[in-house]
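For reference, the structure discussed in these notes is given below.
The values are calculated or read from the model by the stated rules, or taken from the named source; none is laboratory data. All figures in this text were calculated on a predicted structure; none of them were measured in a lab. Methodologically, a virtual Cβ is constructed for each residue, glycine included, from the backbone with ideal geometry; neighbour enumeration extends over all protein chains shown. The accessibility values were calculated without ligands, DNA or RNA, using every heavy atom of the protein model including side chains. Shrake-Rupley method; radii C 1.70, N 1.55, O 1.52, S 1.80 Å.
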Amino acid sequence: MSRWRMYDHALSRPTVWQRARGLLSRFFGGRAAVFLVALGSLPGFVFAEETRPLRWAADAEGGAPYIFQDPADPHRVIGFEVDLAEALSKRLGRPIEWVQYDFMSLVAGLQRGDFDFAMNGLEVTPDRAKVVRFSRPYYVYTLQLVVRKDETRFQNLEELLALGGTVGTLEETAAQRLLEEMGFSPKLYGNQTEPYLDLELGRIDAVLMDLPIAVYFAKPNPKLKFLGEPLGEGYYAIAFRKEDEALAAQVDRALDSLIADGTLRTIYEKWGLWNDTQEKLARAELTDVLAEARRRWTFTTYFPLLLKGAWVTTYLSIASMAVAIILGLPIALARLFGPWPLRWAAVGYVEFFRGIPVLLLLFFLYYGLPTVADVYGLPFSLRLSPMAAAILGFGLNYAAYEAEIYRAGIRAIPAGQWEAAASLGMGRILTFRRIILPQAIRTILPPMTNDFIALFKDTSIVSIVAVVELTKQYQILAKSSLKYLEIGFVTAMLYLILAVPLGALSRHLEKRWGKGQ
């Protein structure tokens with residue numbers, strides 16, 4: 001049974017009283033429960049359950065030095081934020097439990113109530129500051145430019161911009177905002193390992209990210225080097241729900257004490273993160289970034305970016321569907337008319353590519369193939385560009401579906417058509433080209449055009465290989481400007497402008513070539 005103690009603080013009283021009344025009613029009858037409720041209503045006396053653990057959310061996938069699996073014991077996590085959470089637990093007098101949560105969903109999960117606070121190198125960005133209550137800062141970060149070891153073409157970002165180079169960074173970060181202000185169109189990533197891998201493979205010219213990330217992911221890599229001194233600065237803070245002001249205030253006081261007595265410095269020195277910049281923590285204040293974001297992002301600023309995203313979506317859809325059609329028909333013919341080895345190969349292709357997620361396929365094509373070439377010392381390069389990997393991935397995947405559509409359409413033609421053509425002296429190839437295929441198109445066309453429209457919408461997942469199409473562009477702009485409704489409406493209109501003509505074309509072709517009106 002839970003222990004109870006006197007506590008001079010208004011905790012969640014309704015839940016406590018309901019549980020207490022239920023327990024006492026069970027063991028001592030209703031009068032005791034009524035007495036407990038009356039006693040609890042007296043000023044200064046609240047019966048509270050023994051303090052429950054606080055749930056802290058972070059994403060261990062991000063890795064060192066924030067939070068990552070301990071190589072010596074994979075069942076536990078380590079990192080400077082793990083040490084900070086332990087120090088906060090001691091100051092608050094409450095246990096803190098870590099909860100694994102996807103980094104991009106931390107704010108949404110906090111609002112849902114899945115945990116009590118989020119601490120994962122969270123920068124104070126406009127969209128976050130609007131919906132969460134940030135603690136006082138616990139780390140002053142700077143940005144570090146990283147290049148390949150043999151890079152000699154430029155010495156700073158200004159020279160790289162003049163060369164028209166490409167810089168990779170994390171989306172929704174201070175580094176992204178700095179690069180855009182300078183005039184770059186940065187290549188955006190969802191995690192901190194892929195940019196450095198692309199830099200090493202020569203797909204981009206530099207990476208700009210927070211110094212703690214660079215220290216652990218780039219500095220140990222002999223193929224990469226730091227270029228210049230750190231630039232810019234900002235703060236990491238802990239995110240709470242706005243209604244949890246009391247808890248946030250307690251954490252603020254705990255952080256103040258950790259800074260004042262040097263505990264925070266000890267933690268950062270342990271992880272090689274202490275520098276002179278951290279002296280600013282004692283007087284750090286968060287600035288209001290909301291008004292500035294709303295002021296800068298006007299229609300004339302974001303609309304050209306949305307148009308660019310729409311063009312990428314259209315090009316990707318058409319090119320991928322062309323690959324699917326080119327591959328799909330031979331696969332269908334091999335399954336229908338080929339010798340048994342070809343038939344089984346066609347069946348294997350269809351089942352394989354229908355059975356694996358296209359997301360996994362994109363990861364393999366973009367990140368896995370270069371590794372295969374390096375491991376086996378292949379004399380040719382397998383380093384696909386983001387667009388090439390996306391087109392090939394969707395083409396291979398949708399070719400499996402198209403092959404089944406074509407096979408069903410061809411088989412729907414009666415066998416008598418083949419026999420009639422043979423009686424006229426026509427060969428099988430000529431019969432297929434002149435008689436069978438034109439009739440099969442009538443059956444094939446509707447599901448094929450539906451697949452094209454589905455592919456048009458599925459292109460939104462290619463952002464995982466750093467392709468910024470229309471949906472990804474909307475997410476970036478909406479989070480940067482806080483104009484979710486306005487930019488969302490414009491994005492939806494662009495999708496309709498692109499999709500409705502496709503539907504009209506499909507109906508026209510069905511009417512002209514199909515079986516009915």
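Per-residue Karplus couplings for the stretch 201-212, computed as 6.51 cos²θ - 1.76 cosθ + 1.60 with θ equal to phi - 60°, are listed in order as 7, x, 7, 9, 9, 7, 10, 10, 8, 4, 4, x Hz, Gly and Pro entered as x.
With Cα atoms defining each centre, the stretch 119-186 and the stretch 308-380 are spaced 35 Å apart in the structure.
What FRET efficiency, computed as 1/(1 + (r/R0)^6) with R0 = 41 Å and r the Cβ-Cβ distance, is obtained for Arg283 and Glu158, rounded to the nearest 0.05?
Numbers: r = 31 Å, r/R0 = 0.75.
Efficiency at R0 = 41 Å is approximately 0.85.
Of the whole protein surface, Tyr196 contributes about 10 Å² of accessible area at a 1.4 Å probe radius.
Accessible area ranking (1.4 Å probe, heavy atoms, ligands and nucleic acids excluded), largest first, for Val107, Val465: Val107, Val465. Measuring nothing but protein heavy atoms, the accessible surface of the stretch 348-486 at 1.4 Å probe radius is 65 percent carbon and sulfur.
May I ask you to derive the FRET efficiency for Arg55 and Asn221 from their Cβ-Cβ distance with R0 = 30 Å, giving the value to the nearest 0.05? Mind showing how you got there, number by number?
Details: r = 35 Å, r/R0 = 1.16.
It comes to 0.30.
Taking every protein chain into account, the accessible area of the stretch 218-270 amounts to 52 square angstrom per residue (probe 1.4 Å). Phi angles of the stretch 233-239 translate, via the Karplus equation with coefficients 6.51, -1.76, 1.60 and θ = phi - 60°, into HN-Hα couplings of 6, x, 10, 8, 9, 8, 9 Hz per residue; Gly and Pro are given as x.
Nonpolar atom fraction for the stretch 135-223, defined as the carbon and sulfur part of the 1.4 Å probe accessible area, stands at 51 percent.
In this structure, the amide hydrogen of Trp98, modeled 1.01 Å from its nitrogen in the peptide plane, lies closer than 5 angstrom to those of Trp56, counting only residues at least 5 positions away or on a different chain. Remark: the stretch 430-506 carries a charge dipole of roughly 220 debye about the Cα centre, counting +1 on each Lys and Arg Cβ and -1 on each Asp and Glu Cβ.
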